[in-house]
Amino acid sequence: MTFNGSNGKSYNTVEPPIGKGGEGTVYRISGIPDYVIKIYNNDKRTESRHRKIIAMINSPMPSDAMEQITWPKDIVYDNGQFVGYVMPVINNNEDLNVMYSDKYNCTLSEYITIAKNLCSAINSVHNAGQVCGDLNPKNIS
């Protein structure tokens, strides 16, 4: 599908999606490998969420925080209706759930390091005057 950004750019999604959750679906963007697009489920496309994404874009995160998190870069619309946003892709490890599975034999020290890194990332968001709104193990790598 093709979506229009608030900046005038068009974004073409690549099938299949790379992730799906309770809020929406995440797709790669054709020709833009460093970004992905999150398309909200129909019931999540609210005006309050639209205003929230606008506020987030108007309050960019410091570059040091962006080493640990992702943040909306553009709002996307379908036929003039808000449907989602574009954000930088994160190409790192598996999600947090995997770290607690039988696949890994983490030591106590490694678990403590994971916890410290998570706290550091959340702290960087809070220091920027923002709140973590969709914090779950599948969104943490």
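The values are calculated or read from the model by the stated rules, or taken from the named source; none is laboratory data. Note that the coordinates shown come from a computational prediction; the quantities given were computed from them, not determined experimentally. Positions of Cβ are generated from backbone atoms using ideal geometry, with glycine treated the same way; all protein chains shown enter the neighbour counts. Please note that ligands, DNA and RNA were not included when accessible areas were found on the heavy atoms of the full protein model with its side chains. Shrake-Rupley method; radii C 1.70, N 1.55, O 1.52, S 1.80 Å.
For this structure, a couple of remarks:
- Only a single item in (1) open to solvent by less than 50 Å² (accessible area, probe 1.4 Å); (2) part of a strand (DSSP E or B) is not met by Ile18, and it is number (1).
- Residue, most open to solvent (accessible area, probe 1.4 Å), within region 1-10, restricted to residues that are polar (S, T, N, Q) and in contact (Cβ under 8 Å) with a residue 24 or more places away in the chain: Asn7
So that you can scan it fast, the table gives a plain yes or no per residue for (1) touching a residue at least 24 places away in the same chain (Cβ under 8 Å); (2) not in a strand (DSSP E or B):
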residue: Asn12; (1), (2): no, no
residue: Gly22; (1), (2): no, yes
residue: Val26; (1), (2): no, no
residue: Val36; (1), (2): yes, no
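- Total residues in region 113-131, condition small (Gly, Ala, Ser), in a helix (DSSP H, G or I) and surrounded by 11 or more Cβ atoms within 10 Å (Cβ to Cβ): 3
- Members of region 32-52 that are closer than 13 Å to Thr70 by Cβ, of a type outside the set (Lys, Arg) and open to solvent by less than 60 Å² (accessible area, probe 1.4 Å): Val36, Ile37
- For region 56-75, the set of residues classified as small (Gly, Ala, Ser) and either surrounded by 16 or more Cβ atoms within 10 Å (Cβ to Cβ) or modelled with pLDDT of 90 or more (or both) consists of Ala65 only.
- Residues that are modelled with pLDDT of 95 or more, surrounded by 11 or more Cβ atoms within 10 Å (Cβ to Cβ) and among the acidic types (Asp, Glu) do occur in region 77-96, at least one of them.
- Within region 4-32, being within 22 Å of Gly80 (Cβ to Cβ) and of a type in the set (Lys, Arg) holds for one residue alone: Lys9.
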